[in-house]
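Remarks on the structure that follows.
The values are calculated or read from the model by the stated rules, or taken from the named source; none is laboratory data. Given the structure is predicted, the values throughout are model-derived calculations rather than measurements. Cβ coordinates were reconstructed from backbone atoms using ideal geometry, including for glycine residues, and neighbour counts include every protein chain displayed. Each accessible area value is taken on the protein alone, full model and side chains, heavy atoms only, with ligands, DNA and RNA left out. Shrake-Rupley method; radii C 1.70, N 1.55, O 1.52, S 1.80 Å.
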Amino acid sequence: MYPPGHSKAGQPLFKRRFIPALLSDNPYLSAQGDYETMLLSLPEHQRKQLLEGNWDVSEGAAFPEFNRAIHVVDPFDIPKNWIKFRACDYGYGSYSAVLWFAVTPAEQLIVYRELYVSKVLAKDLARMVMEVEAGDGQMRYGVLDSSCWHKRGDTGPSLAEQMISEGCRWRPSDRSAGSRVAGKNEVHRRLQVDEFTEEPRLIFFSNCTNLISQLPILPLDKSNPEDIDTKVNFDHLYDALRYGIMSRPRFSVFDYDPANARPNRFVPADPTMGY
């Protein structure tokens, strides 16, 4: 944009348009086969970029299985009888990350909302969380970074206590030895496509823009390939995601309420036979 004070301030300085194209869109190169053979011989991340057109992947990425076409869906109305909960990684100087989850009857996890803010006090964040989720119905539980319960030698209330005092209730996350590695493995498992349902076990609403942009570029720790690099400054949403999926979310058959279930949109081609 033109800077303030310029005669065209606020107007675009220049415009760009990205038109994606795959090898299959070029009949000359795709018919030969030589170029495709060369692309197939590239390392995995380069092959996905140049052959499959998937630019979410990068070299050394912790979650190369993430695919925007598979794991990102348009928002829809979540039935009231689906289990809902949230997870939070709190930070003041860096970022506070809050994610909201829904559990389908098939126990697929849906991340349907994110809150990503900085320089927000614990009590103010609690008020923001409750205001955002006011129309969500019952929130089964919340998972918060367990370090927020540490008093760090002072006599005042912890960060968790301050948030709970505002009515925003939480339970501590698992930060025991090995929990980071176990959480990363669970993210891998959730991103896989289930062979029976042919759907991933974890999907994201497209309005979770920060998480969608950060997850595919999280780098591996060079000294410990079983974990991500904790020195990056954009792992807060990932930590909230890890806290949430490690909270053992379950959909109980006793939670099923036909009156509030999603409407059946199936329209049979033959109304007589029903299929």
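Please give the FRET efficiency for Trp149 paired with Leu121, using the beta carbon to beta carbon distance and R0 = 22 Å, rounded to the nearest 0.05.
Calculated transfer efficiency: 0.85.
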Task: Hz values of 3J(HN,Hα) by residue in the range 80-95 - Karplus curve (6.51, -1.76, 1.60), Gly and Pro given as x - done: 5, 8, 7, 5, 10, 8, 9, 9, 9, 10, 8, x, 9, x, 9, 9
- [ ] Within the set of other residues whose C-beta is less than 15 Å from the C-beta of Pro200, count the net charge using Lys and Arg as +1 and Asp and Glu as -1.
- [x] -4
Open item on the list: Can you compute the helix-only [θ] at 222 nm over the chain? Use -39500 (n - 2.57) per DSSP H run of at least 4 residues, normalise by all residues, nearest 500 deg cm²/dmol.
Closed with: -7000 deg cm²/dmol
Open item on the list: How large is the Rg to Rh ratio of the range 26-96 when both quantities use alpha carbon positions and Rh follows Kirkwood?
Closed with: 1.20
TODO: Please find, in a Gaussian network model of the chain (springs between Cα atoms separated by less than 10 Å), the residue of Arg190, Arg180, Arg16 whose mean-square fluctuation is greatest.
DONE: Arg16
Open item on the list: Would you work out the Kirkwood radius for the range 103-175? I mean one over the mean of 1/r across all pairs of different Cα atoms, in Å.
Closed with: 13.8 Å
- [ ] Mind computing the radius of gyration and Dmax over the alpha-carbon atoms of the chain? Å is fine for both.
- [x] 22.4, 74
Open item on the list: If you roll a 1.4 angstrom probe over the protein chains with everything in place, what fraction of the accessible area of the chain belongs to carbon and sulfur, to the nearest %?
Closed with: 52 percent
Open item on the list: I need the per residue convex hull volume for the range 1-124, using only the alpha carbons, in cubic angstrom as a whole number.
Closed with: 248 Å³
Open item on the list: What lysines does Lys222 reach when the alpha-carbon gap must be under 27 Å and sequence neighbours fewer than 8 apart in one chain are set aside?
Closed with: Lys48, Lys184, Lys231
Task: Residue of Phe18, Phe251, Phe204 that the Gaussian network model of the chain assigns the largest fluctuation, springs spanning Cα pairs under 10 Å - done: Phe18
- [ ] Quote the relative contact order of the range 96-181 in percent (integer), defining contacts as alpha-carbon pairs under 8 Å separated by 6+ residues.
- [x] 25 percent
Task: Estimated inter-spin distance, Thr197 and Ala31, nm [label 7 Å along Cα→Cβ] - done: 4.4 nm
- [ ] For the chain, report the accessible area per residue in Å² (1.4 Å probe, heavy atoms, rounded to an integer).
- [x] 60 Å²
Task: Förster radius 30 Å - calculated FRET efficiency between Glu186 and Arg68 (Cβ-Cβ, nearest 0.05) - done: 0.90
Task: Percent antiparallel among DSSP beta bridges (both partners in the chain, rounded to 5) - done: 65 percent
TODO: Calculate the spin-label point distance for Ala106 paired with Glu44, positioning each point 7 Å from the Cα along the beta-carbon direction, and give it in nanometres.
DONE: 2.5 nm
TODO: Tell me which residues come under 5 Å, amide H to amide H, from Ile228 once H is placed; ignore anything under 5 positions away on its chain.
DONE: Asp221
